[in-house]
């Protein structure tokens with residue numbers, strides 16, 4: 001039975017991906033900061049597959065060690081999905097509180113790298129690391145200097161790791177706009193009901209996890225389209 005670690009799995013994209021992998025008989029090690037929400041997910045998905053739910057913050061080294069130890073000696077996929085937006089509404093970069101920016105980078109850059117460092121020795125050739133990113137990593141949107149620059153850093157780390165570990169597939173994946181709590185926090189007071197649900201981005205992520213595309217940066221929905229077209 002293949003095994004995946006998914007961070008930020010109590011809601012949004014992480015939960016949608018965990019549900020799909022559970023239906024495909026993947027064992028799951030799931031993380032989220034909300035213990036009650038995560039326990040509910042474990043009960044739901046435990047009816048389908050083996051699930052270990054470990055509440056905690058990926059910024060905490062002890063928590064990261066626990067995730068890797070629970071996964072065991074063989075990890076088929078690591079999905080670094082957990083992240084934080086930063087202040088809402090988002091401030092201009094020139095006035096961005098540096099203590100808050102450090103918190104964003106701890107969650108969005110340093111934690112995924114630290115977890116990947118611990119996982120790599122246990123990922124066999126052909127395994128996958130999926131770092132969930134954003135179009136804000138490549139587009140200079142006003143007000144997105146904190147979150148966007150953290151995702152840009154994550155994408156560059158992913159690209160360098162891919163060069164350093166050619167036997168493993170390392171992906172930076174832009175899931176696109178989604179109707180999630182974080183997206184709502186990014187646009188406080190706005191109606192985001194026209195955004196697609198996170199489930200719409202899952203097929204592209206699944207194609208990366210179970211497929212054989214080379215390491216690189218991908219948009220989830222483009223991957224799905226290519227797969228549907230047989231490309």
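Some notes on this structure:
- Residue-level check: of (1) within 23 Å of residue 94 (Cα to Cα); (2) modelled with pLDDT of 95 or more, residue 144 misses just (2).
- Being farther than 22 Å from residue 150 by Cα and either surrounded by fewer than 22 Cβ atoms within 10 Å (Cβ to Cβ) or in contact (Cβ under 8 Å) with a residue 12 or more places away in the chain (or both) holds for only one residue in 83, 88, 74, and it is 74.
- Applying the criterion of being surrounded by fewer than 24 Cβ atoms within 10 Å (Cβ to Cβ) and closer than 21 Å to residue 110 by Cα to the residues of the range 15-45, the residue that is nearest to the chain's Cα centre (by Cα) is 33.
- Some residue of the range 121-129 being at pLDDT below 95 and surrounded by 21 or more Cβ atoms within 10 Å (Cβ to Cβ): no
- Segments classed as helices (runs of 4 or more DSSP H), wholly inside the range 155-231, with at least 2 members that are at pLDDT 95 or above, surrounded by 13 or more Cβ atoms within 10 Å (Cβ to Cβ) and under 19 Å from the mean Cα position of the chain (by Cα): 202-210
The values are calculated or read from the model by the stated rules, or taken from the named source; none is laboratory data. Please read all numbers here as calculations on a predicted model, not as lab measurements. For neighbour counting, all protein chains shown are included, and Cβ atoms are generated from backbone atoms with ideal geometry for every residue, glycine included.
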